[in-house]
Amino acid sequence: MALAFLDRWKQGLAKTRQNLQSRLDWLRGVAGRRLDQELLEELEEALILADVGPQTAGNIVARLQEKAAREGIREACDLKEILRRILVEILSQGVPAPGPCPQAPRVIMVVGVNGVGKTTTIGKLAKRWVDEGSAVLLAAGDTFRAAAIEQLEIWGERARAQVVKHQSGADPAAVIYDALQAAKARGSQVVLADTAGRLHTKMNLMEELKKIKRVMGQVVPTAPHEVLLILDATTGQNAVSQVRLFHEAIGVTGLVVTKLDGTAKGGILLRIVDEFRLPVHYVGVGESPDDLREFDPEAFADSIL
């Protein structure tokens, strides 16, 4: 990870770090204190208050206790390094971030609730892959939000990516069907399919996503190759229900977490990855295209501890 971005990463996670460290203030005064049950309960409470969630906090403390016993550690002052290693282990679950594949086009379906930054994320990913030499096509499947198509076209121009669109209000499945046909004809290597934001509790809208997914498979039998769920980090625990319902409906394969620089609730990533075993592929810690980067578990753990 480049030094400049690492600095932005740490700056973006400052609120989460300050929140967690304020909960773990007692760590500064643990010199000479034994690693006992009382201290473990204090740690568990601190993690819960830092938005890690009760179940994941309990799992972390249990693993810490097990590692400490196995390594013969009895002093509380050694707690921080063990905690860091556990956080990295949890956040490292999953597979590498999606990218171009040999059997083009690689089809990536992008979903999420309203206002999480789906279209912006698509634009940033498109620029990233175009800069790496891939031919990228954007499918304007959000046909309901005002100016969504125009916004995607602007990002297409910035990224030098082609855009396939219909008129506002068109059937999104039809748009994406045409986009995949165009991608095959033009030799595009990656297709990023935008979808309309929807409340995850609205079953009729979730059924529409299932239809889009079926239509993709009619054009490219193995599509979609990735289903990326975009999460707004500032929503905290509400992100958990979003992951659960989208995953149940269409089978999410990876996560993109935006607005980490605007929240003290970055600990929610630990709960989501631990509970759903879904990898975080990318995180956003700013507004510029370069502020969306591949998720680095070690850098994340270092930045919040």
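Which residue out of Val240, Val280 is of a type in the set (Val, Ile, Thr), surrounded by 22 or more Cβ atoms within 10 Å (Cβ to Cβ) and within 14 Å of the chain's Cα centre (by Cα)?
Only one candidate passes the filter, namely Val280.
Give Ala223, Ala196 a once-over and let me know the one that is under 30 Å from Asp178 (Cα atoms), among the aliphatic types (A, V, I, L, M) and touching an Asp or Glu at 6+ places or on another chain (Cβ under 6 Å).
On inspection, the qualifying residue turns out to be Ala196.
Pairs only if they're at least six apart or on different chains, beta carbon under 6 angstrom, first in region 257-282 and modelled with pLDDT of 90 or more, second in a loop (DSSP other than H, G, I, E, B) and surrounded by fewer than 20 Cβ atoms within 10 Å (Cβ to Cβ); list them, first residue then second.
Qualifying pairs under 6 Å: Val273/Gln93; Arg277/Gln93; Pro279/Gly94; Pro279/Val95; His281/Ala97.
In region 106-145, what residues are among the small types (Gly, Ala, Ser), under 16 Å from Pro172 (Cβ atoms), part of a loop (DSSP other than H, G, I, E, B) and more than 16 Å from the chain's Cα centre (by Cα)?
Within region 106-145, Ala140, Gly141 qualify.
Starting from region 73-96, keep only residues that are at pLDDT 90 or above, then list their pairs with residues that are of a type outside the set (Phe, Trp, Tyr) and surrounded by fewer than 16 Cβ atoms within 10 Å (Cβ to Cβ) whose Cβ atoms are within a distance under 6 Å, requiring at least 6 positions of separation or different chains.
Qualifying pairs under 6 Å: Val88/Glu298.
I'm trying to understand the selection: among the residues of region 163-179, which are under 25 Å from the mean Cα position of the chain (by Cα) and either in a strand (DSSP E or B) or surrounded by fewer than 22 Cβ atoms within 10 Å (Cβ to Cβ) (or both)?
Val163, Ala173
For residues that are aliphatic (A, V, I, L, M) and either at pLDDT below 95 or surrounded by fewer than 21 Cβ atoms within 10 Å (Cβ to Cβ) (or both), scanning just region 128-151, find the one that is farthest from Gly117 (Cα to Cα).
Top of the filtered list is Ala135.
Given the conditions (1) in contact (Cβ under 8 Å) with a residue 60 or more places away in the chain; (2) within 22 Å of Thr235 (Cα to Cα); (3) among the charged types (D, E, K, R), which single one is not true for Lys202?
(1)
With respect to the numbered conditions (1) buried (at least 24 other Cβ atoms within 10 Å of the Cβ); (2) small (Gly, Ala, Ser); (3) in a helix (DSSP H, G or I); (4) more than 19 Å from the chain's Cα centre (by Cα), which one is the sole condition not fulfilled by Ala185?
Tallying (1) buried (at least 24 other Cβ atoms within 10 Å of the Cβ); (2) small (Gly, Ala, Ser); (3) in a helix (DSSP H, G or I); (4) more than 19 Å from the chain's Cα centre (by Cα), Ala185 fails exactly one: (1).
Quick one: what pairs do we get from region 36-51, first residue among the small types (Gly, Ala, Ser), second at pLDDT below 80 and outside any helix (DSSP H, G or I), C-beta under 9 Å, 6+ apart or different chains?
Ala46/Leu24; Ala50/Leu24; Ala50/Ala264; Ala50/Lys265; Ala50/Gly266; Ala50/Gly267
Confirm whether Asp290 is in a helix (DSSP H, G or I), surrounded by fewer than 18 Cβ atoms within 10 Å (Cβ to Cβ) and acidic (Asp, Glu).
yes
The values are calculated or read from the model by the stated rules, or taken from the named source; none is laboratory data. Remember, predicted model here, so these are calculated numbers, not experimental data. Neighbour counts run over all protein chains shown; Cβ positions are idealised from the backbone, glycine included.
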